[in-house]
Structure formats: structure tokens, C-alpha cells
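The values are calculated or read from the model by the stated rules, or taken from the named source; none is laboratory data. Just so you know, these numbers come straight off a predicted model, no measurement behind them. Quick reminder, even Gly has a Cβ in these numbers, built from the backbone with ideal geometry, and neighbours come from all protein chains shown.
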């Protein structure tokens, strides 16, 4: 290589040095800015909570609706039980008849009952006034039970060892007494109206239970 060529190469290199120095300075400045200013991090996908949408509001317990049928059921039970009829026996001697037997004969609670499979009709009463009621316990009086429907008159049977089937002891207030009429053949039926006669005492229209 001659001296002219070497001179041209030196000039070219001398011209490139400022350009290289300028490029290095610019690159250093950019690098410094990149180091001093940290890059903003990209938003993480996991940091954003998933939008579940509006939460379903809890349904209030339908206590009022559930209680209403229960209350209605509770109310219906007494109504059902209340609708069940209660059978009660009427007081057949609450009126004039009852007053008559109490005042005139000193007795109440007269009852005629079909017993022993219908073979015996039992007449009973309760004593209120022993003095007025003594006619019913008189041994000399012959009792009879008259059934107009059947056309019969029943009597108190005489038993061999017992005597008549009746109580004839002196009456006491508050005690009940009875006598039994023979109904052989069951001629007198339940529901019949009968008359009981004991000496001067007479009770009419008694219903056989």
C-alpha cells in the first residue's frame, strides 16, 4: 500500500470516529433512561377478580305461608271434634211430671229397664221424702206393670226362698229402691210406654230402656 492510500484511509477513520462517538452517547442516554424509568408492569390477569354477576338475594323463609296452613289445620281439628255429636239422655222428669212425683210422692229418677235378656223388667226410683214414698215400699200393695201396646200386665214374681223380687224395707232419703217384674216371653219391648201401679201410687207413660 502506497502513502496516498494510507492517507485516505486515515482520513476516513478520522471521519468515522465522531459518528461512532455520537452513536455511543445516544445509546448510553437511552439505556440510562430505560434503567432509571422502570417499565410499567402489565396488569396481571389473575389480579382482576372474575365478575360473578349479581349475587342472588337469599329468599326469605315463607314462614307466614307455612304457618297459615298449619294454623288452619289446627283450627280445623277442634271444628272436627266439635262436630262430633255428644249423646246425652234427656231428663224425662224435668217438667210437670218430675214436679208431681217429687211433691206428691217424694221420689225422683224413675227408671224402667229391660234386663236379663228381656225376661225381667226392672223399675227403680230414688227417695227424697221417706214419709211420702213409703207407699211404694208397702208389702201389702201388689205392684203391676201395664203395657197397653202388648196388652199385658206384669207382676212381681214370688221366689221360693227369697220372696217377692222387690225391696220393702222402710225408705230412707237419698237411697234408691227397685222391684222386678216377670216378662216371660218378652212381651214388653224396649221403647214401649208402660204404667206402674203400686197401691195408690201410679206412674204413667214410662219408657222402657
**Q.** Failed item in (1) touching a residue at least 60 places away in the same chain (Cβ under 8 Å); (2) over 17 Å from residue 105 (Cα atoms), with residue 122 passing the rest
**A.** (1)
Q. Within the range 136-143, can one find any residue that is outside any helix (DSSP H, G or I), surrounded by 18 or more Cβ atoms within 10 Å (Cβ to Cβ) and at negative phi?
A. yes
Q.
Tell me the residue from 188, 196 that is touching a residue at least 60 places away in the same chain (Cβ under 8 Å) and not in a loop (DSSP other than H, G, I, E, B), please.
A. 196
(Q) Between 202, 126, which is surrounded by fewer than 13 Cβ atoms within 10 Å (Cβ to Cβ) and part of a strand (DSSP E or B)? (A) 202
Q: Report yes if some residue within the range 98-118 is in a helix (DSSP H, G or I), in contact with a strand residue (DSSP E or B) (Cβ under 8 Å, 6 or more places away or on another chain) and modelled with pLDDT under 95; otherwise report no.
A: yes
Q | Candidate set from the range 153-167 (those that are part of a strand (DSSP E or B) and surrounded by 16 or more Cβ atoms within 10 Å (Cβ to Cβ)); member that is farthest from the chain's Cα centre (by Cα) | A | 164
Q.
Taking the conditions exactly as written (exposed (fewer than 14 other Cβ atoms within 10 Å of the Cβ), on the phi < 0 side of the Ramachandran plot and touching a residue at least 24 places away in the same chain (Cβ under 8 Å)), does residue 170 satisfy them or not?
A. yes
